[in-house]
Amino acid sequence: MVIVNTIVTGLGNIGRTLLELLARDPDRLLRRYGFTLRIVGVADSTGVALDPAGLDPSAVIAAKRQGLGARSLSAFRPDLDVVALAATAAYDLLLEATPTNLRDGQPALDIVRAALRRGKPAVLASKGPLVLAFAELAALSDWADDLSPRSPRPALRFSGAVGGALPTINFGCRDLAGAQIERAELVVNSTTQVILEQMAAGADFATALAEAQRQGIVEPDSSLDVDGWDAANKLVIFANAVLRQPTTLSDVTVRGIREVTTADLAAAWGAGGRVSLVALAERQPDGRYALSVAPTVLGREHPLARLARGEMGFVIYTDTAGRSTISSLEDGPLGTCQAMVRDVIEIMRR
Ligand SMILES: NC(=O)C1=CN([C@@H]2O[C@H](COP(=O)(O)OP(=O)(O)OC[C@H]3O[C@@H](n4cnc5c(N)ncnc54)[C@H](OP(=O)(O)O)[C@@H]3O)[C@@H](O)[C@H]2O)C=CC1
Ligand SMILES: N[C@@H](CC=O)C(=O)O
């Protein structure tokens, strides 16, 4: 049996749900894949808990459910902050789920830097480090070797950061390998899907946002979702990772859903379609991609017009693989946690 000593940074909707997922069937990874994750360190905004012999995940989950933090655990380490945890503790794998911060990427960016510089593989749900420093992190990781399983650099995976369990990154990198992407339409922000559907059914904006928050899918700063920045983050990551076009947020034209009116929604739904926040990449004659995020009417014939209940999806047009459409209806943050688990399995198979 292989024991993978793991640290989890961020214990909110994602970090806590991930621990719950692992605790639900603790032997699943062992039975099927021959390894198990031992959680040796966790961190939240209250601090760090670290025990090289392994923390009790149920105690961490119970503390978070009671509104307490790492500080309340017996393994609390007042001498460590979250970056020091990643930089100094003994562990084999980082699972990162602190808030997405578009100002400076912190603390996630320094957490991931610390792990990769020490040769530790990292799985991210957070997007800030990838949006602000994709090239730097790629150079520190197996992205520098085109994801070769023989790369001497640590693995960096983030499939859950771009649409949760929807396999946006994996499908683009793996299954469309060799094809030229001409156009990609990504509906990868679940919060705006929920809000627009609720408003189309008669709810006001505040009630619709509250419903999305109840589902645990809204960013800690909800304006990231509503104003289109979460979708833009995902498009930036997609452009860097799949389209291989060095991209930052300033390359994306971004419009959120605040201007969408109930009349717009009624017209779209009435015609058998819907309105979604679409992140669009369109290949230009010079080979570069034009990138935008905007609320878009998807007519009844559009492959994504039937998405419902916050469902996400994408349609990608290529020169040789034709049109590919995939959608994913998920249960709150659970799909993202499953995506983190699949990333871990992929890393362990290298
Ligand atoms: N929710 C979702 O469906 C998805 C979220 N993501 C991404 O995953 C990340 C986490 O999202 P989510 O779980 O919803 O967010 P939450 O706000 O629910 O959780 C964030 C966690 O990070 C902790 N935290 C905040 N600041 C610090 C800090 N300085 N040092 C250490 N820990 C800190 C918080 O501590 P405390 O608990 O004490 O407040 C909390 O545990 C985000 O980057 C988000 O973009 C990606 C895909 C889906
Ligand atoms: N806030 C995001 C969560 C996942 O990235 C969303 O609504 O899709």
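The values are calculated or read from the model by the stated rules, or taken from the named source; none is laboratory data. Keep in mind that what you see is a predicted model, and the values were worked out from it rather than measured. When we count neighbours, we look across all protein chains shown, and the Cβ atoms used for this are built from the backbone with ideal geometry, even at glycine. With ligands, DNA and RNA removed, areas are computed over all heavy atoms of the protein, side chains included. Shrake-Rupley method; radii C 1.70, N 1.55, O 1.52, S 1.80 Å.
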Distance between modelled label sites at THR248 and ARG103, nm, 7 Å Cα→Cβ extension: 1.8 nm
So if I take the centroid of the Cα atoms in segment 79-128 and the same for segment 1-68, what is the distance between those two points in Å? 16 Å
P(r) of segment 257-350 in 5 Å steps, Cα pairs, percent per bin? 3, 11, 15, 18, 17, 16, 12, 6, 2, 1, 0
Expected field for ARG38, accessible surface area in Å² at 1.4 Å probe radius, rounded to 10, holds 80 Å²
Suppose a student asked you for the relative contact order of the chain, using Cα pairs under 8 Å spaced at least 6 residues apart; what percent would you report? 17 percent
Between ALA271 and ASP319, Cβ-based FRET efficiency (R0 41 Å, step 0.05) works out to 0.85
For the chain, the longest site-free run once GluC sites (Glu not before Pro) in DSSP loop states with at most 13 other Cβ atoms within 10 Å are removed: 1-258
Rounded to the nearest 5, what is the percent of antiparallel bridges among the DSSP beta bridges in the chain? 60 percent
Per-bin percent of Cα-Cα distances, segment 82-153 [10 Å]: 22, 54, 23, 1
Let me make sure I get this right: for segment 5-153, a, b and c are the square roots of the gyration tensor eigenvalues over alpha carbons, sorted descending. Under 1.5 in a/c it's rounded, otherwise prolate if a/b > b/c, else oblate. Which is it? oblate
Here the alpha-carbon Rg of segment 168-328 over 2.2 N^0.38 Å rounds to 1.02
Cβ-derived FRET efficiency at R0 51 Å, LEU30 paired with PHE205, nearest 0.05: 0.65
When all protein chains stay in place, what accessible area (Å², nearest 10, 1.4 Å probe) is found for ARG306? 150 Å²
Report the charge-dipole magnitude of the chain in Debye, nearest 20, computed about the Cα centre from +1 at each Lys and Arg Cβ and -1 at each Asp and Glu Cβ. 800 debye
Measure of compaction for the chain (Cα Rg per 2.2 N^0.38 Å): 0.98
Taking every alpha carbon pair in segment 142-226 and sorting the distances into 5 angstrom bins from 0 up to the bin holding the longest one, the percent per bin comes out as 3, 12, 17, 16, 14, 11, 11, 8, 4, 2, 1
By how many nm would the segment from THR46 to SER74 grow when fully extended, if each residue of separation counts as 0.36 nm and the alpha-carbon distance is taken off? 8.7 nm
How many percent of DSSP beta bridges within segment 168-328 run antiparallel, rounded to 5? 90 percent
